[in-house]
Amino acid sequence: MSAHEITLTVNGEEVRETVEPRTTLVDFLRDTLGLTGSHVGCEHGVCGACSVRLDGAVVRGCLTLAVQCDGHMVETIEGASDSGALADLQEAFRTRNALQCGYCTPAMLLTAAELLAAGGVPSRAAIREHLSGNYCRCTGYHAIVDAVEAVARARAGATS
Amino acid sequence: MKPAPFDYARARSVEHAVELLGREGARLLAGGQSLIATLNMRLSHPSLLVDINEVAGLDRLARRNGHIEICALVRLAQAERSAELVQAAPLIARALPHIGHPAIRNRGTIGGSIAFADPAAELPACLLALDGEVEIVGPAGKRTVKADDFFQGLFETALGPCDVLIAIRLPAATRDNRVGFAELARRHGDYAMVGLAAAARASGTKLADVRLAFFGVGATPVRARNAEAALAAGDVEAGVKALAQDLGPPDDVLATGAVKKHLAGVLLRRVARQLNEAPP
Ligand SMILES: Cc1cc2nc3c(=O)[nH]c(=O)nc-3n(C[C@H](O)[C@H](O)[C@H](O)COP(=O)(O)OP(=O)(O)OC[C@H]3O[C@@H](n4cnc5c(N)ncnc54)[C@H](O)[C@@H]3O)c2cc1C
Ligand code: FES
Ligand code: FES
């Protein structure tokens, strides 16, 4: 089974690597590039821990092959965090104890950021629905919804 | 788990995909939200994946001659955001938010959802309720298959191993169209225990051309033809009774057949109310 050479942009930098077709995007990010902020849980799309951005949209890193990303743009929690774009959300997670072990947190942040990017102040039900594909075994979700809601309000207040 | 090794090829066009699919052990890859999960669990062992994600022109959604055509690579989330779709296919628009989670819908495709034909999936039932059709390109060229003939068995459709589903086509909604949708799932985003997609035409105070497509009740989405007739006659309770002949849901991991049968009646009452309401 032949290896493929791929060129893609990861967190703004061009990356050229050789991958086996069967390597998933999240394994490629973690094992080949050492970007271990994206986590691996169920490996079949259910837990959400592996979520990353592909061409701007949050997708499952375990249900995308690295070879499919040739010519595309990937952003992980490392890039999103370094850019400062998530700073208010990260701070809200910290102050509200919206994380304990932190396993779900990188993907939770990226998924919540996608909802917040749509603008406005989503209802708590809408926040829960948007995060419904991201499992957290520690917090019971309540604090996470609080944090996301607080940021939505703060951002709406700041822009109006 | 990790997938067993396979080869990978990017199709440049639909015809190229058909050609590549002719190779031994080849399998088409669209959004991967079902296929890659089964690879990871080693439930399927293709020797070649034919990736259609880079084929140009397959991500269009357009109205044409009283129809709406949704090409295979339209992502579920892309369809969800389309104002055109809400107008022309309100039933699909209602069903989409029930499919998995946002990240799944960002990547999963309309074509993949229809081609995969999970018996508990929303869109196959919607296609059937709307009397839609599927456009297919295969080694012998292009053909069109009606939804009533497309779903043939458990994960079995009219698609052959070298066929590519390129689009689905639905009659665009008109003023007198009515649709209804309801499903019961234990958690939001799970496949439904039982669901119902329905379409009809308002004719005076009555309903005509009622089409009820249940999902999660058998090997394929199932039309409840006796209940359809009862609803057209204006008798919802007779419709609920008729489900005893229309449906024979087997037990599965989510619920027993008896529970599913009961829930189907609950859903029929809800959906009948939706069908009888004039849209705002
Ligand atoms: C956690 C989770 C929850 C989900 N919940 C739901 C749910 O509630 N309801 C629901 O309906 N679905 C659900 N799904 C499945 C999801 O909707 C899939 O995306 C969809 O069923 C398959 O679409 P895909 O584009 O990802 O196809 P792929 O996974 O790429 O392909 C699936 C199959 O269809 C074939 N295929 C795909 N496209 C074509 C085509 N154009 N022509 C011919 N053959 C084709 C492939 O060869 C493969 O056999 C869920 C998935 C996950 C991971
Ligand atoms: S590891 Fe990808 S969803 Fe669980
Ligand atoms: S903080 Fe531990 S899984 Fe969410």
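Read the figures in this text as sums done on the coordinates, not as results from a lab. Keep in mind that this is a model prediction, so the values were computed, not measured. When we count neighbours, we look across all protein chains shown, and the Cβ atoms used for this are built from the backbone with ideal geometry, even at glycine.
Hey, what does the equivalent ellipsoid look like for chain B, semi-axes from the Cα gyration tensor as sqrt of 5 times each eigenvalue, largest first, whole Å?
They are 32, 21, 16 Å, listed from largest to smallest.
The residue among B:ALA264, B:LEU35, B:PRO161 whose Cα reaches farthest toward the positive pole of the charge dipole of chain B, with charges on the beta-carbon of Lys, Arg, Asp and Glu, is B:ALA264. Here region A:4-80 yields Rg over Rh of 0.91, to two decimals, using C-alpha coordinates and the Kirkwood radius. Net charge dipole, the protein assembly as shown: roughly 1320 debye, given to the nearest 20, about the Cα centre with Cβ charges of +1 for Lys and Arg and -1 for Asp and Glu. Our coupling estimate for region A:7-18, obtained by passing each phi through the Karplus curve with A = 6.51, B = -1.76, C = 1.60 and θ = phi - 60°, is 10, 8, 9, 10, 6, x, 10, 6, 10, 10, 9, 10 Hz, Gly and Pro reported as x. Per-residue packing, averaged as other Cβ atoms within 10 Å, sorts the ranges B:250-260, B:161-171 into the order B:161-171, B:250-260, beginning with the highest. For the segment B:3-16, counting C-beta atoms of other chains within 10 Å of every residue's C-beta and taking the mean gives 3. Its DSSP H runs of at least 4 residues, each contributing -39,500 (n - 2.57), put the calculated 222 nm mean residue ellipticity of the protein assembly as shown at -9500 deg cm²/dmol, to the nearest 500.
Out of every Cα-Cα pair in region A:1-148, what percent are more than 24 Å apart? Summing the P(r) tail past 24 Å for region A:1-148 gives 30 percent. Under Stokes-Einstein, with the Kirkwood radius over Cα pairs standing in for Rh, what whole-number D in µm²/s applies to the protein assembly as shown at 37 °C and 0.692 mPa s? D = 143 µm²/s.
Legend: distances between Cα atoms for B:LYS146/B:LYS261; B:LYS206/B:LYS260; B:LYS2/B:LYS260; B:LYS142/B:LYS241; B:LYS142/B:LYS261; B:LYS206/B:LYS241; pairs beyond 31 Å are B:LYS2/B:LYS260; B:LYS142/B:LYS241; B:LYS142/B:LYS261. Looking at region B:183-280, the GluC sites (Glu not before Pro) that sit in a DSSP loop and have at most 15 other Cβ atoms within 10 Å of their own Cβ are B:GLU277.
Taking Lys and Arg as +1 and Asp and Glu as -1, the other residues whose beta-carbon sits under 9 Å from that of B:LEU128 total 0. Treating r as the C-beta distance of A:CYS42 and B:ALA140 and R0 as 35 Å, the FRET efficiency rounds to 0.30. Net charge of the neighbourhood of B:THR144, taken over other residues with C-beta under 15 Å away and scored Lys/Arg +1, Asp/Glu -1, is -2. All distinct Cα pairs of region B:177-275 go into the 1/r average, and the inverse of that average, the Kirkwood radius, is 13.3 Å. Taking a Cβ cut-off of under 15 Å around A:GLY37, the surrounding Lys, Arg, Asp and Glu residues balance to a net charge of -3, with basic ones at +1 and acidic ones at -1. A simple rule links phi to the HN-Hα coupling: the Karplus curve 6.51 cos²θ - 1.76 cosθ + 1.60 with θ = phi - 60°, which for region B:67-81 gives 10, 10, 10, 10, 6, 4, 8, 4, 6, 4, 5, 5, 5, 4, 7 Hz, with x for Gly and Pro.
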